[in-house]
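What follows is a short report on a single structure.
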Amino acid sequence: MISRIKLLKITSCLFLLTFAFGCSTPLMPKLIFKSKGKTKGVYHTVKKRETLWRIADTYNVNLKKLKRANRINDENKIKAGIKLFIPGAKKVLKVNPVKPLVKKVSLDRRIPSIKRKGFFNWPLKGRLTSRYGIRKGRKHDGIDIAAQKGSTIYAAASGKVIFSGWGPTGYGKMIIIKHKQKWVTVYAHNYKNLVKKNDRVKKGEKIALVGTTGRATGPHLHFELRDNREPVNPLNYLK
Ligand SMILES: [Zn+2]
């Protein structure tokens, strides 16, 4: 409290000085900075649909650090209009607001623990022939990418092969790779599998060749991305 009163006094003195000399001295903002301790940063005004997680991500600042700097216990309670101190930031940045929730994507609404775009690469160069979701009244747990028979299929991310062989009904020759944080990718209808169970694969490594094994009308890859066994739309993650 004492320091705040002191600060007020100094500020008002400075104000008077500024007023008296009629110039804008840079002393004022510096003083405000010092009142926050030695940490430099900027103030970000929270806008509608900005989450603390997104703000932290945009400014590349640790979420815990951001919460501590602003004495926030519950990140769900931040509201539009409040000012957040972003430690270490040099300028105010634009934060991508979260999209309003649509029922269709309810499966996918969990805050991802990995960065969305960039972790998974496209497993095959080809034509997207079927999307994820309801297809002719049936749920399609992945996407279909058509390519010539024998085209190379690549691991979407680094991981460990946990299955290589004939999959459940309809899948044909299939590979399953387990990645970080319980993420799993599935590659089905293969003509040939090039890796076996327990193999470690790198992102972009050749793992199979496109085929028509199982229930497939033409050569294509059926690709699934699962987050802790729950299928998610791969298009939201592929780069
Ligand atoms: Zn499919």
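Of the residues 137, 150, 81, the single one that is more than 24 Å from the chain's Cα centre (by Cα), at pLDDT 95 or above and loosely packed, with under 14 Cβ neighbours inside 10 Å is 150.
Within the stretch 202-221, the residues that satisfy the criterion of being surrounded by 18 or more Cβ atoms within 10 Å (Cβ to Cβ) and more than 12 Å from the ligand (Cβ to nearest atom) are 207, 208, 209, 210, 211, 213, 219.
Among the residues of the stretch 174-201, write down those that are within 14 Å of the ligand (Cβ to nearest atom) and not aromatic (Phe, Trp, Tyr). Spell out the reasoning first.
Of the stretch 174-201, the ones within 14 Å of the ligand (Cβ to nearest atom) are 174, 185-190.
Correct list: 174, 185, 186, 188, 189, 190.
Residue 156 meets the stated requirement of being small (Gly, Ala, Ser), within 16 Å of the ligand (Cβ to nearest atom), in a loop (DSSP other than H, G, I, E, B) and modelled with pLDDT of 95 or more.
Note on the stretch 123-149: residues that are in a loop (DSSP other than H, G, I, E, B) and either more than 12 Å from the ligand (Cβ to nearest atom) or on the phi > 0 side of the Ramachandran plot (or both) total 9.
For residue 229, state whether it is assigned by TED's automatic domain parsing to the domain that holds residue 146, modelled with pLDDT under 95 and either more than 24 Å from residue 118 (Cα to Cα) or within 12 Å of the ligand (Cβ to nearest atom) (or both). Considered against the rule, which asks whether it is assigned by TED's automatic domain parsing to the domain that holds residue 146, modelled with pLDDT under 95 and either more than 24 Å from residue 118 (Cα to Cα) or within 12 Å of the ligand (Cβ to nearest atom) (or both), residue 229 comes out as no.
Within the stretch 146-166, residues that are under 20 Å from residue 216 (Cβ atoms) sit with their Cβ atoms under 8 Å from residues that are among the acidic types (Asp, Glu), at 6+ positions apart or across chains, in these pairs: 154/205; 164/199.
Taking the stretch 173-202 as the range and being among the β-branched types (Val, Ile, Thr) and either out of contact with any strand residue (DSSP E or B) (no Cβ under 8 Å at 6 or more places or on another chain) or free of Cβ contacts under 8 Å to residues at least 60 places away in the same chain (or both) as the test, the residues that pass are 175, 176, 177, 184, 186, 195, 201.
As a summary of the residue check, residue 162 satisfies the conditions (1) surrounded by fewer than 16 Cβ atoms within 10 Å (Cβ to Cβ); (2) modelled with pLDDT under 95 except for the one numbered (2).
Yes/no matrix, rows are residues, columns are (1) at pLDDT 80 or above; (2) among the aliphatic types (A, V, I, L, M); (3) touching a Pro at 6+ places or on another chain (Cβ under 9 Å); (4) not in a loop (DSSP other than H, G, I, E, B):
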position	(1), (2), (3), (4)
16	no, yes, no, yes
31	no, yes, no, yes
43	yes, no, no, yes
47	yes, no, yes, no
56	yes, yes, no, yes
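The values are calculated or read from the model by the stated rules, or taken from the named source; none is laboratory data. These numbers come from a predicted model, not from an experiment. Methodologically, a virtual Cβ is constructed for each residue, glycine included, from the backbone with ideal geometry; neighbour enumeration extends over all protein chains shown.
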